[in-house]
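Trainee: Okay, handing you the structure first.
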Amino acid sequence: MITAQNLTKRFGAHTAVDDVSFTIKPGQVTGFLGPNGAGKSTTMRMIMGLDRPTHGSTTVNGRPFGEHTDPMRQAGALLDAKAAHPGRRAADHLRLLAATNGIARSRVDDVLELTGIASVARRRIGGFSLGMHQRLGIAATMLGDPEVLIFDEPVNGLDPEGVHWVRGFAKARAAEGRTVFISSHLMSEMAQTADHIIVLGKGRVLADAPIAQFLGGAGQERTRVRVSDATVLGSILSADGVSITQTDAESLEIAGLPPAHIARRAALENLDLHELTPLNASLEEAYLALTDDATEYRSDRTAVAA
């Protein structure tokens, strides 16, 4: 488990993390989202004891991470995929980490196989692609078979197969009862991977909720409807605050009315109802709506549209 309590970090006059509190629970994948500059990486560094909080505290498995005598057995963190000497061979890099943390040498072979890089174990790290760097970093996090895993943008540089592998890896580790904390800018990937979402904006927590709850609370309730005569149903349901989009002769997308109300009106008009599907906002839509006022660096949207 990971906890943060009133966590604050200032760099001179700039507040990077501002009174942040949360608990990352075991047995689930928690996604950590936020615009560039929101404070995600700084928060992760403070959890791992690499940055000292200006105020507040963090714990890993009940203690500040720096107080653990067996740190790699408590938590594994991938915060910088290229934090390995380029002239060293992959297996030697892992053996050094194992030796300095009292971990059996045999564990190196295990994690090389686990991450799919056993075939390049004797290659020098400087010749690795970014995706191979990511896999080596993930291998290092697993050396101590820790209860807590922290990944900062772990799918950067990975091809689709690699992204799919990281997703399965994270979910499998959570299913084993571990605490898995992942930051990412890939909304589609987080939607498929995370069970819980924490969103930062300008150093503050904007959301901390199960992903289903987060998506369900974003925007108006929307429903996809297929009915024998969409034009008739659309005219009946038209009212202030109701948005109706007809996609074909039998299909509507309706915002602002509950599905039960739509079904009742269709029945009263003797219309055959073929589909009534509630639609949540996508994670990307919900995230953009939430962080619109918390984005420090933004492009000119009118220029993009043009």
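Trainee: So for the range 222-279, Kirkwood radius off the Cα pairs, Stokes-Einstein at 4 °C and 1.567 mPa s: how many µm² s⁻¹?
Mentor: Translational diffusion coefficient: 120 µm²/s.
Trainee: Another question, if that's okay. Tell me, what ³J(HN,Hα) does each residue in the range 32-43 have, in order and in whole Hz, if you take phi through Karplus 6.51 cos²θ - 1.76 cosθ + 1.60 with θ = phi - 60° and put x for Gly and Pro?
Mentor: After applying 6.51 cos²θ - 1.76 cosθ + 1.60, I find 10, 10, x, x, 3, x, 6, x, 5, 5, 4, 4 Hz.
Trainee: If you stretched the chain out fully between GLU269 and ALA249, how much longer would it get, using 0.36 nm times the residue separation minus the C-alpha to C-alpha distance?
Mentor: Computed gain between GLU269 and ALA249 is 5.5 nm.
Trainee: Report the convex hull volume per residue for the range 1-79, counting only C-alpha atoms, in Å³.
Mentor: Cα convex hull per residue, to the nearest whole number: 94 Å³.
Trainee: Given H placed 1.01 Å from N in the peptide plane, which residues other than close sequence neighbours of LEU78 have an amide H under 5 Å from its amide H?
Mentor: Counting only residues 5 or more places away or on other chains, the set is ILE150, PHE151, ASP152.
Trainee: Would you mind getting the Kirkwood hydrodynamic radius of the range 11-127 from its Cα pairs, rounded to one decimal in Å?
Mentor: 16.7
Trainee: Quickly rank 178-188, 32-42 as a protection proxy: mean count of other C-beta atoms within 10 Å, highest first.
Mentor: 32-42, 178-188
Trainee: Among THR30, THR59, THR277, determine the one that fluctuates most according to a GNM of the chain built with springs between C-alpha atoms less than 10 Å apart.
Mentor: THR277
Trainee: Among residues other than ASP18 whose Cβ falls under 11 Å from its Cβ, what is the net charge (Lys/Arg +1, Asp/Glu -1)?
Mentor: In short, +3.
Trainee: Would you pull out the residues with amide H under 5 Å of LEU200's amide H, same chain only if 5 or more places away, H placed 1.01 Å from N?
Mentor: Counting only residues 5 or more places away or on other chains, the set is LEU33, GLY34, LEU206.
Trainee: Can you give the convex hull volume per residue for the Cα atoms of the range 1-41, as a whole number of Å³?
Mentor: With only Cα atoms used, the range 1-41 gives 69 Å³ per residue.
Trainee: Compute the semi-axes of the equivalent ellipsoid of the range 177-272, taking the square root of 5 times each eigenvalue of the Cα gyration tensor, and list them largest first in whole Å.
Mentor: Three semi-axes, in Å: 37, 14, 12.
Trainee: Ok, one more. Treating the beta-carbon of each Lys and Arg as +1 and of each Asp and Glu as -1, no other charges, what is the dipole magnitude of the range 47-188 about its Cα centre, to the nearest 20 debye?
Mentor: My answer is approximately 360 debye.
Trainee: So what is the relative contact order for the chain, in percent, with contacts set as C-alpha pairs under 8 Å and at least six apart?
Mentor: It rounds to 20 percent for the chain.
Trainee: Tabulate in residue order the Karplus-calculated ³J(HN,Hα) for the range 51-61, using 6.51 cos²θ - 1.76 cosθ + 1.60 with θ = phi - 60°, rounded to whole Hz; enter x for Gly and Pro.
Mentor: My calculation for the range 51-61 gives 10, 8, x, 5, 7, x, 8, 9, 9, 10, 6 Hz in order.
Trainee: Given the chain reduced to its alpha-carbon atoms as identical point scatterers, what log10 I(q)/I(0) does the Debye formula return at q = 0.11, 0.13 Å⁻¹?
Mentor: For the chain at q = 0.11, 0.13 Å⁻¹, log10 I(q)/I(0) is -0.77, -0.95.
Trainee: What is the sum of charges around MET44, taking Lys and Arg as +1, Asp and Glu as -1, for the other residues whose C-beta is under 15 Å from the C-beta of MET44?
Mentor: Cβ neighbours under 15 Å give a net charge of 0.
Trainee: Order of ILE262, ILE254 from fewest to most other C-beta atoms within 10 Å?
Mentor: Exposure proxy ranking, most exposed first: ILE262, ILE254.
Trainee: Here's something else I'd like to know. Cβ neighbours within 10 Å, averaged per peptide: list 147-156, 43-52 in order, most packed at the top.
Mentor: Ranked by mean Cβ neighbours within 10 Å, highest first: 147-156, 43-52.
Coordinate-derived values only; no laboratory data. Since this is a predicted model, take the numbers as computed values, not measurements. Heads up, the Cβs are rebuilt from the backbone with ideal geometry, glycines too, and the neighbour counts pull from every protein chain shown.
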